[in-house]
Amino acid sequence: MPKRLLLIGGNFAPELTGIGKYNGEMIRWLANNGYDCTVITSFPHYPQWKVQSPYEKSRYWFRKEVAENNNVTVYRCPQYIPSKPSGKKRLLMDFTFAMSASVKLLQLLFTRSVDVVVVVAPPFHLGLLATLYKKLRGARFLYHIQDLQIEAARDLKMISSSFLLRSLFGMEKYILRHADVVSSISDGMMKKVAEKTGRSISFFPNWVDVDLFHPLTGREQIKTEYGFAVTDKVILHAGAIGEKQGLEAILYVAAMMKEQTHVKFLICGAGPYREQLRQHATELQLSNVHFRDPEPFDRFNRFLNMADVHLVIQKASAGDLVMPSKLTTILAVGGLALVTANEDTSLHTLVKDNNIGIVIAAEDRNALKEGICTAINKRQEHIARNARQYALNYLAIDKIMSRLDRAIFTSVST
């Protein structure tokens, strides 16, 4: 008899970046390995911040999908999605999804039971739904933390009310206390969560399909397919484009490097800050900065192989509160990652100790420029080899999901 699993998460496939990507891959793997999976999620909207085709017409009501030889049933729930997200608007978005997800969960309570409920945070408060299900139906509860949402909102000044912050932390403490398994994706985040709970935290890093994403030869030829010269050095940011990432630093560095006409900056992705970033580039008259829509999934491996340098930029205040998901794919293709992270973070330790990228101080434009110059002017083949080998050894999806499977099976069996 297959193990029955319920995932509750705000993001899911066919989103190609961030948490939705990992949730979709996790459920697909579990379904292919003997699980009967049910998913309560939203309509795909990230990173564009609007519901994507072909879901537009049904976005105001619930929708049911059955896939993967009937082993996966997906319930999509309506929610408010702000076109220009802010701290308050994102709180409202999370609240509306929690309300609609609650309706769907209550329906499922009386139609079928599951062995284990998995919640992927953020949104962190979805753990309340899992706690409710656990109390009423006896299922085990695995709480997986991708981002420390409350700390990030506080440190990035998205929430300033001390009363609201205390309330949110209290709610999170209640969830952590009732979870049977708590896991996260980095040493730094695990340490922070362990300090809150006084219990051991399981380690399940973000994975990558090392067969799908891999190094290619003839990278110079690939550049010409995207309109660059063979001799150009392409500095790529690929992923969500948000105001809180500090991506304007790319523009200021591009301005400093205007005279080096063979250095091209390519910003590929979608997000609420993209148009503002493009307008700023126009104002600065940056002919060396190019913007591109998100690349189709079937061409993404080839696209990533084109870049000479991959930018992984985050603000210092993010610290150990988030772990950039794009890094895993960069490592898998043997890309040269230039990562902004301060010395006291696990991201800095990971990159530095394993020599899988170039790491520089966060929010330091001069350091970013020097890092780019180092990356394009010195031989870095050893870093690219290390990156690919690290992905093979530690980030392959089968290895990580097998460990997750054992954790789920153990929690179900105990």
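The values are calculated or read from the model by the stated rules, or taken from the named source; none is laboratory data. These numbers come from a predicted model, not from an experiment. Using ideal geometry, Cβ is built from the backbone for each residue, glycine included, and neighbour counts are taken over all protein chains shown. These accessible areas exclude ligands, DNA and RNA; they are computed on the full protein's heavy atoms, side chains included. Shrake-Rupley method; radii C 1.70, N 1.55, O 1.52, S 1.80 Å.
A few remarks follow.
Conditions tested, residue by residue: (1) in contact with a Phe, Trp or Tyr (Cβ under 7 Å, 6 or more places away or on another chain); (2) touching a residue at least 60 places away in the same chain (Cβ under 8 Å).
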| position | (1), (2) |
| --- | --- |
| Ile19 | no, yes |
| Ala31 | no, no |
| Gly34 | no, no |
| Pro85 | yes, yes |
| Phe95 | no, no |
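- Counted residues, region 258-269 - those being in a loop (DSSP other than H, G, I, E, B) and surrounded by 20 or more Cβ atoms within 10 Å (Cβ to Cβ): 1
- Residue that is farthest from the chain's Cα centre (by Cα), among those in region 1-39 that are outside any helix (DSSP H, G or I) and among the aromatic types (Phe, Trp, Tyr): Tyr35
- Where helices (runs of 4 or more DSSP H) fall wholly inside region 48-158, the ranges with 1 or more residues that are open to solvent by 20 Å² or more (accessible area, probe 1.4 Å) and within 30 Å of Arg274 (Cβ to Cβ) are 87-109, 149-155.
- With respect to the conditions (1) under 21 Å from the mean Cα position of the chain (by Cα); (2) within 30 Å of Gly188 (Cα to Cα), Val253 lacks only one, and its number is (1).
- Scope region 272-286; condition farther than 14 Å from Ile250 by Cβ and buried (at least 19 other Cβ atoms within 10 Å of the Cβ); matching residues: Pro272
- Selection within region 192-210 - under 20 Å from the mean Cα position of the chain (by Cα) and acidic (Asp, Glu): Asp209
- Of all the listed residues (Ala396, Ala367, Ala341), the sole one being touching a Leu at 6+ places or on another chain (Cβ under 7 Å) and either under 22 Å from Asp308 (Cβ atoms) or crowded, with 17+ Cβ neighbours inside 10 Å (or both) is Ala341.
- Residue list for region 88-97, filter: under 17 Å from Tyr46 (Cβ atoms) and touching a helix residue (DSSP H, G or I) at 6+ places or on another chain (Cβ under 9 Å): Arg90, Leu91, Asp94, Phe97
- Scanning region 347-359 for residues that are open to solvent by less than 20 Å² (accessible area, probe 1.4 Å) and free of Cβ contacts under 8 Å to residues at least 60 places away in the same chain yields Val351, Ile356, Gly357.
- For first residues located in region 378-402 and within 25 Å of Arg219 (Cα to Cα), partners that are assigned to a helix (DSSP H, G or I) and open to solvent by 30 Å² or more (accessible area, probe 1.4 Å) and lie 6+ apart or on another chain with Cβ distances below 6 Å form the pairs Tyr390/Asn354.
- Inter-residue pairs, beta-carbon under 7 Å, first assigned to a helix (DSSP H, G or I) and in region 188-205, second charged (D, E, K, R), 6+ apart: Gly188/Asp320; Met189/Asp320; Lys192/Asp320; Lys196/Lys173
- Top-ranked residue in region 171-184 [being open to solvent by less than 10 Å² (accessible area, probe 1.4 Å) and among the β-branched types (Val, Ile, Thr); ranked as nearest to the chain's Cα centre (by Cα)]: Val182
- Failed criterion for Ile313 (all others in (1) more than 14 Å from Leu247 (Cβ to Cβ); (2) touching a residue at least 40 places away in the same chain (Cβ under 8 Å); (3) aliphatic (A, V, I, L, M); (4) open to solvent by 10 Å² or more (accessible area, probe 1.4 Å) hold): (1)
- Residue tally, condition of a type outside the set (D, E, K, R) and assigned to a loop (DSSP other than H, G, I, E, B), over region 218-241: 10
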